[in-house]
Amino acid sequence: MGTVVGMKTTIKPSIERLINQAVAIETESAQDAGALGFMARAMVQATLPHKKVEGTYFERKNGNFTLSMLASPKIGLPYGSVPRLLLAWVTTEAVRTKSRELELGDSMAAFMAELGMSRQGSNIASLKNQTRRLFNATVSATYEDGKRIADIGYRLADRTVLWWHPNEPEQAGLWQSTITLSETFFNEVVHRPVPVDMRAIKALKQSPMALDTYAMLTYRMSYLKQPTVILWPSLAFQLGSDYAELRFFKRAFLQELRNVMLVYSGVRVEVLDYGLKIMPSLTHIPKAQGRP
């Protein structure tokens, strides 16, 4: 179930579900299982907040790449696992349908099932809240290497129409709930998506750190040619810059790395005092399958 050097992996009963999912993933490819999905590349290179952010501005940096988000003061910034599940679903649907307008299903319950979310009251409230936060946000992506600067800015969606009944999630609305992606975001996700296994996404959905780590390793292994060390401060900027201290980030990251390695068979990493060494490994989605 993956190889890690310098870190003990303890199997606990609480992660039996992850192990069962890992067996299913190894037995049948994502494409054959109908679980081939995609993530927005910009949101993999630098990620969304893990926890609620005070204020309306958030920034994450990965080397020369910077992702920033701006929100309406009345709505706030997206955070946690739900926006990541939404992004995986939206990107996958955009790639599949080649359409900017996406239908979210006849009812809130049906859409929650698509995301792998249980229909608990807290999940219902979170889905409605985070959907609005995510698709009202304005994103800016900047690449700067000292010689050139490239900026791109966009809203994720031009229009969001939700005919959901939070008190009656099973009830179908009179009209379809839809999201119309902005042209810039649509072109970004359709032309340059990161292939993922939606079974892994759903298995790791309880932790935004685990989702980010899985997506990052899946993306890196698709092109990695030689062993590379990512220093802890750099990894924290990319995956968890909202931690108060680097040691808190490292502790959280290593815990979730164990879970990611259960569902991502074949990934090879080594934990060093000064960073994480990642080594060329089997890609989770073979390139022939991962082409949109």
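Can you tell me which condition Glu59 does not meet? The list is (1) surrounded by fewer than 17 Cβ atoms within 10 Å (Cβ to Cβ); (2) outside any strand (DSSP E or B), and all the others hold.
(2)
Report the residue count in the stretch 101-124 for those that are at pLDDT 85 or above and more than 20 Å from the chain's Cα centre (by Cα).
Result for the stretch 101-124: 2.
Report yes if Lys225 is farther than 19 Å from Asn20 by Cβ, basic (Lys, Arg) and either in a helix (DSSP H, G or I) or in contact with a helix residue (DSSP H, G or I) (Cβ under 7 Å, 6 or more places away or on another chain) (or both), otherwise no.
No; evaluated as a whole, the condition is false for this residue.
Taking the condition out of contact with any Gly (no Cβ under 9 Å at 6 or more places or on another chain), of a type in the set (Gly, Ala, Ser) and either within 30 Å of Glu54 (Cα to Cα) or in contact (Cβ under 8 Å) with a residue 12 or more places away in the chain (or both), does Ala236 pass?
yes
So, in the stretch 65-101, exactly how many residues are touching a strand residue (DSSP E or B) at 6+ places or on another chain (Cβ under 7 Å), among the β-branched types (Val, Ile, Thr) and surrounded by 22 or more Cβ atoms within 10 Å (Cβ to Cβ)?
Total satisfying the criteria: 3.
In the stretch 86-100, which residues are in contact (Cβ under 8 Å) with a residue 60 or more places away in the chain and either in a loop (DSSP other than H, G, I, E, B) or in contact with a His (Cβ under 6 Å, 6 or more places away or on another chain) (or both)?
Residues satisfying the conditions are Lys98, Arg100.
In the stretch 102-150, how many residues are within 20 Å of Phe186 (Cβ to Cβ), free of Cβ contacts under 8 Å to residues at least 60 places away in the same chain and among the charged types (D, E, K, R)?
2
Which residue pairs have Cβ atoms closer than 8 Å, lie 6 or more positions apart in sequence or on different chains, and pair a first residue in the stretch 51-65 that is in contact (Cβ under 8 Å) with a residue 60 or more places away in the chain and under 18 Å from Glu144 (Cα atoms) with a second residue that is among the charged types (D, E, K, R) and part of a loop (DSSP other than H, G, I, E, B)?
Asn64/Asp145
As an exercise: evaluate Thr66 against (1) touching a helix residue (DSSP H, G or I) at 6+ places or on another chain (Cβ under 9 Å); (2) outside any helix (DSSP H, G or I); (3) within 17 Å of Met216 (Cα to Cα) and give the number of the one condition it does not meet.
Answer for Thr66: the failing condition is (1).
Restricting attention to the stretch 82-109, which residues are over 19 Å from Leu36 (Cα atoms) and in contact with a Pro (Cβ under 8 Å, 6 or more places away or on another chain)?
Ser107, Met108, Ala109
Just the residues that are surrounded by fewer than 19 Cβ atoms within 10 Å (Cβ to Cβ), assigned to a loop (DSSP other than H, G, I, E, B) and at pLDDT below 90, please, taken from the stretch 174-192.
Leu174, Trp175, Gln176, Arg192, listed by residue number.
What is the residue count in the stretch 126-173 for residues that are at pLDDT below 85 and closer than 17 Å to Ala113 by Cα?
12
Being charged (D, E, K, R) and at pLDDT below 90 is the filter here, so list the residues in the stretch 49-64 that pass it.
Residues satisfying the conditions are Glu54, Lys61.
Look through the stretch 208-243, keep the residues that are among the small types (Gly, Ala, Ser) and within 10 Å of the chain's Cα centre (by Cα), and return whichever of them is surrounded by the fewest Cβ atoms within 10 Å (Cβ to Cβ).
Ala210
Checking Ser265 against (1) in contact (Cβ under 8 Å) with a residue 60 or more places away in the chain; (2) within 13 Å of the chain's Cα centre (by Cα), only one condition comes out false. Which one?
Only one criterion in (1) in contact (Cβ under 8 Å) with a residue 60 or more places away in the chain; (2) within 13 Å of the chain's Cα centre (by Cα) is unmet by Ser265, namely (2).
The values are calculated or read from the model by the stated rules, or taken from the named source; none is laboratory data. Keep in mind it's a predicted model, so treat the numbers as computed, not measured. Don't worry about glycine lacking a Cβ; one is built from the backbone with ideal geometry, like all the others, and counts go over all protein chains shown.
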